[in-house]
Structure formats: structure tokens, C-alpha cells
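Inspection log for the structure reproduced underneath, given as C-alpha cells.
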Amino acid sequence: MALLETIDSPDQLRLLTRRQLKELATELREFLLHSVASTGGHLSSNLGTVELSIAIHHVFHTPFDRLVWDVGHQSYPHKILTGRRDQMSGLRQLGGISGFPRRSESEHDHFGTAHSSTSISAALGMALATRQKDEHHGPHRRRHIAVIGDGAISAGMAYEAMNNAGIHKDIDLLVILNDNEMSISPPVGAMSKYLARLLTGRFYSAARELGKQVLGVVPPVLDLARKIEGGAKGLVSPSTLFEEFGFNYFGPIDGHDLDALVPALQNLRELKGPQFLHVITKKGQGYAQAEEDPILYHGPGKFDPKVGITPAVSAPKPTYSAVFGEWLCDAAAADPAVVVVTPAMREGSGLVGFSERFPDRYHDVAIAEQHAVTVAAGLACEGLKPVVAIYSTFLQRGYDQLIHDVALQNLPVLFAIDRAGLVGADGATHAGAYDMAYLRCVPNMVVMAPKDEPECRAMLSTGLACGGPAAVRYPRGAGTGAPAGQSLATLPIGKAERLREAGKGFEGLRIAILAFGSMVTPCRAVAEALDASLVNMRFIKPIDTDCLADMANHHDLLVTVEEHAIMGGAGSACAEALTTMAESTLQTPFLHLGLPDRFIDHGDHAKLLALEGLDAKGIEAAIRQRAGLLRAQTGSGSVRAASSLKLVQ
């Protein structure tokens, strides 16, 4: 029996010898590679944390000791070692385990993560709670560990947490910096350069050989390390930034060397107060293809590990991210004032081409969404035309800046919002289910959602030219396959597109379907089946009130459909607009279709939409049901005459 098959909890892991731990690391890395290759998921980052995961669970008494993985996409080895090995075949699939730590999934997942830079704050909160409950004394006291990457530690929240933690000298808090010189994209900014300096010259040359000697010694580690001069001084340097925050800094050490990791962690476990261990790992460790191209293997789909990722046989439809990237290059070529700001999402947002063609107009500010928005505001103040390329879920982190620094000053900043709607395997933590609601309530904002690729380009051009803050939200992945073209033409702001006019209607009822963005495509088939009018609303703000009034006055049922939360979404915007109109419009019954008031779990995107009734079949069924109820209520009389405005969610 393989050694890995005997490990179902860290208790068993803690019984292994150092030699067995190394054997386990080999088996775990092999299992991880084949598991992710069969399901898809995050690979490079997890191959890089195999030894670190083993060492942490071997040394610390988890789950009694608290462990928080920042972001958490690198926690697969942790999941495998904590009793979920047999569940990896369902990773990120409907009904399967999550790709991120989740409190409801295991007692070993002490804090749910997925957005970056939260681990130190969460672990500090736990450490303070331990102190308040008087559980922080003696050899069996509870410890708290935060594992954070060099990309995530560039964000302001990490420094806010360290600034707070450094004053608490009686807590047990260990921050482990997992430094692999990458987040998803290559590292940027002064912090990455600072960390690089720690790995060069006298720092790293001494770390490999002296790390075991210094960190592996049981007697007073801190005093000994501080006495070392010359080339080894950087192992624990009082002048490091982290010590200025009140942490004792140790490292850097090789994060793939269990002979260095285990004794280091054993000694740090005995120290009280905020401790900081800097470990060096390599993304893709142990799999040559991933080591060579960690970005390609960051989040692959299924592939044959013997062969590696191979190009698709046929060219796939371009993604909305690619459509945006091509539009941005075209817009920049036509207008030298166009610049782009992104918070460390060059690949994901389709910006590789732009960064290469226009490097002086490309601003990757690292994982710093608040900063990204305000930098864009500053660029706009000086007459430039900034485009903020950001995921819907991450724009939530810059919301105050969007209101206060952009919209309040009516600055011309265009937000290109990727991953709007459900995002499939990444689940609720990354879903873009709230942006319509949190954007449309902000004065001065223009908010748009395209039905297809060419309309996405047109909306981006419209937002760029509108002279104020604007947002275009588009979904993850490919669109309809319509050729995007190269046009930079704009659309009239606040005007919808009528795609179909109802004839005799469905069972005597004239139905109008008001579809937003990605929901236009499934609604086409529904409109044909029910002989309904279909409107591509285009604008969430401003709503086309003329079109809306006309639909209400000439139809027996209005249906709004959106891939967004119903509460506060586009359907709510339509209902609110109708209440300001003439009395006659208030007589039209209303049906809202969208995402319910709960978090939607991970799974295949199409299956998730079907489960929420947002595929063509589900939309048609919901409309048929509502139409049947209306007919039953009114008999052969007029539906409009017997109805007041009804909001059905």
C-alpha cells in the first residue's frame, strides 16, 4: 500500500519519520498531478506547496492549531492530507468539494478564503480570541498560522493586519510567506523587488546552507541568529520591513526541503509573539511542463500529464476577455490618451497583447483593487482615458473608491468588468452576481451588458466616449461566436434594441421579455416558442424608459431576465422605472427571473444556470406557469384590466 493511502488525517502524518515525509511528498505530488489533470483546477500553485503542507501538518496540532491559507487555491495538498483524498475526483464539480478552503467542508478549513490578502487578518482575529478565552498559555497552547503568497502580500490589507498584529507580543501568530515570485501573473511593484533582494547576494547564498544550522538549532534561535554576521546576517535581519512591523523575521529557507522546513517550524512553534517565516517555493515543482510555464498550468482544464497541455484541434470561439483585449489595443492605437489599469490580472483579463504593444500605457498595480480604482481616477484628472480591467467579484473590493474617487467627481473612467454572472467551477467566491445592484445605485454611472461580441466592443467604445464613469459587464468564457469585428462605433446611451415583436401571443396573452446581457441568447428561443416580444435592454442604467413604457402599455405580462441577483438587479430597475410612469403602465403584471437570494455553489456553468431556471427551458417554464396563473385569475377577461403591478421573484 502506498504511504499516501494510509494518511487520512494529520494525526497519522505526525507519526511519520523524516524519511517517510519525503516519500510522502513524492507520492502526494504524483497524486495531485494526476488528480488535477483528470478534473481541471489549480495546478502550478499546488505543486509548489506539497512540502510546506506536509511540514505544517506534521509540526502543528491541526485542527486544534488554526491554519489559514490565503486565497486558498494552493490548498489542494492540505485537503488531501486532511481526509479528502477520495473526494478529489469531484473537485470543483457540482456536489463535489470546493477548490478553496471552506469552513462547512472540513474542521481543518478554519477560514473560508478565495480573495487575496485576508489570511493574516483572520489568523490574528483567531489569536486574539484565543487570548481572550485564556487559551494562550503553556506548552499546549493554541497556535495560529497564516500562509500567504508573495503576490497577496503586496495588497494593503496584509499590511494593515501586520501593523495591528505587531503590537500584540503575547499571541501565538506565525505568518509564512510562500514566495514563488508569482501570483497568477508575473510579480510587479516595489514589494516584489524587495523580496527579490532578500533572495540575492548575501541573503540567499547563505540561506540554503545556514538555514538548517540556524533555524534547526533548538536553543534560543532568535538570539543566535541575530549574532550571525557577514553573509548569513540576512537570515534574521532586524532591518527587514517585517521586523519593523513587530515580527521576528526568519529566512529565507528552501520550501521544498523538509530537512529545513520541519526543524524551522518546530522551533518557531515554541516562540511567542508575531513570527514571520520566509520560504522559497517554485510553482509547478516536480512537473517539468508546469515549472517551465507556470502561467499555462495555473488553472488548466483536463489534460494528459504524460503529454501536457496541447493546443485545441480546432480554434475555439474567442472569449469575452479576448474580445476586450483586442478592442483595447484598437482603441489605444486610435487614441493616445487610452491607458489601462489592472490589479494583477494581465492574463485573466486578456491584457497580454496590450502590455506588449503599449507597455508605457499599461499599469499593473498588483493585487490592490482600491488603489487601482483611485490610480485610474488620478489618470482621468490629467486628461487621460483610463480603463480599469477587473473581475466583477474583485471590483467589490474597490467600491468605496468607485463611489468617492470616481463617480462623485464624475471622472471618465471605464470599468471593463469580466466574469459577470456565474463563473462555474470557481463558485460563489468568484461569482459576479452583484455588480448591477451595486453600480446602478451610484449617481453618474452608465452600466451596460452586451448580448454578444460585437455589441461588447460597441459598449466599450460607448463607455470610453461617454465623458463620465461607465461600466461594461460581460461573462466568463466565450460568447455566441458572432464575429467581433474591428469597429469602434458607439451606441446611443440608454436605448434598448427590439429584437422581436409578438404576434397573436401565447394563449391570448401578449408577453414581452426584457433580457439583459448573456440572457438574450436563451430568450431568443423562448420568444419564438411563446410568440413573445423580445427586447435586448442593453443598458441597466440608464434604463430605456420609453421602450419600457411602450412594452408595458402593449403587453399583458412583462418578464425581465438577468444573470444576476434578482434583489436590486436589472429587473428591479425596470420595476422602479415603471412606478414613476403613467397609471396605465402600473397595470401590467411583472415577472422577475434571475439569481435567488442565496450563494450559488460551484459546478458546470450551464448546469448551474439550468438548476436556477435560467436556461431556455427554465425560462419558458416559468413564463408558462405565470401566464397560466394570470389566465386562471382573469378567465376570459382582460389581464391588464384585472391586474396591478405585480413583482414576482
Worksheet entry | Karplus (6.51, -1.76, 1.60) ³J(HN,Hα), θ = phi - 60°, over the range 35-40, in Hz, Gly and Pro reported as x | 5, 5, 5, 8, 10, x
Worksheet entry | Estimated vicinal HN-Hα couplings, Hz - the range 79-89 in sequence order (Karplus 6.51, -1.76, 1.60; Gly, Pro = x) | 5, 5, 7, 10, x, 10, 4, 6, 9, 5, 5
Worksheet entry | Residues whose placed amide H lies under 5 Å from that of LEU91, excluding near-sequence neighbours | ILE97
Discussion item. Can you compute the helix-only [θ] at 222 nm over the chain? Use -39500 (n - 2.57) per DSSP H run of at least 4 residues, normalise by all residues, nearest 500 deg cm²/dmol.
Written reply: -10500 deg cm²/dmol
Discussion item. Can you tell me the orientation of helix 258-269 relative to the chain, as the angle in degrees between its alpha-carbon axis and the longest Cα principal axis, to the nearest 10?
Written reply: 90 degrees
Fill in: Extension reserve of the TYR159-GLU23 stretch, reckoned as 0.36 nm per residue once the Cα distance is removed
45.2 nm
Item to complete: Find how much the distance from ALA334 to ARG598 grows on full extension, using 0.36 nm per residue of separation minus their present alpha carbon separation; answer in nm with one decimal.
Response: 90.7 nm
Worksheet item: Under 5 Å between amide H atoms, partner at least 5 residues away or on a different chain: which partners does VAL447 have, H built in plane at 1.01 Å?
Response: ALA471, ILE540, LYS541
Fill in: Virtual spin-label span in nm between GLN87 and GLU576, 7 Å along Cα→Cβ
4.0 nm
Worksheet item: At a Förster distance of 35 Å, what's the computed FRET efficiency of GLU382 paired with LYS495, Cβ-Cβ distance as r, to 0.05?
Response: 0.65
Worksheet item: Based on the alpha carbon coordinates of the range 286-427, what radius of gyration and maximum Cα-Cα distance (Dmax) apply, in Å?
Response: 17.0, 55
Worksheet item: Between ASP400 and SER38, 0.36 nm times their residue separation minus their Cα-Cα distance comes to what?
Response: 126.2 nm
Worksheet entry | Degrees between helix 320-334 axis and first principal axis of the chain (Cα, 0 to 90, nearest 10) | 80 degrees
Item to complete: Could you work out how far apart the two model spin labels at LYS272 and SER487 are, taking each label as a point 7 Å from the Cα in the direction of the beta carbon, and quote it in nm?
Response: 7.2 nm
Item to complete: Show me 313-323, 73-83, 393-403 ranked by packing, highest mean number of other Cβ atoms within 10 Å first.
Response: 73-83, 393-403, 313-323
Discussion item. Using the basic label-point model (7 angstrom from Cα toward the beta carbon), what is the CYS441 to ALA610 distance in nanometres?
Written reply: 3.5 nm
Worksheet entry | Pairs from LYS541/LYS617; LYS283/LYS317; LYS451/LYS495; LYS495/LYS541; LYS133/LYS169; LYS317/LYS541 whose Cα-Cα separation, in the structure shown, is over 21 Å | LYS541/LYS617; LYS283/LYS317; LYS317/LYS541
Worksheet item: Taking only Cα atoms, what is the 0 to 90° angle, nearest 10, from helix 50-59's long axis to the longest principal axis of the chain?
Response: 60 degrees
Fill in: the range 72-122 and the range 282-361: distance between their alpha carbon centers, rounded to Å
26 Å
Fill in: Phi-based couplings in Hz for the range 109-123 (Karplus 6.51, -1.76, 1.60; Gly and Pro marked x)
8, 6, 8, x, 10, 3, 8, 7, 6, 9, 5, 5, 4, 5, 5
Discussion item. Under the rule of at least 5 residues apart or a separate chain, name every residue whose amide H is placed under 5 Å from the amide H of VAL175.
Written reply: ALA146, GLN275, PHE276, LEU277
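Each reported figure results from applying straightforward, stated rules to the coordinates on display, with no laboratory input. Keep in mind that what you see is a predicted model, and the values were worked out from it rather than measured. When we count neighbours, we look across all protein chains shown, and the Cβ atoms used for this are built from the backbone with ideal geometry, even at glycine.
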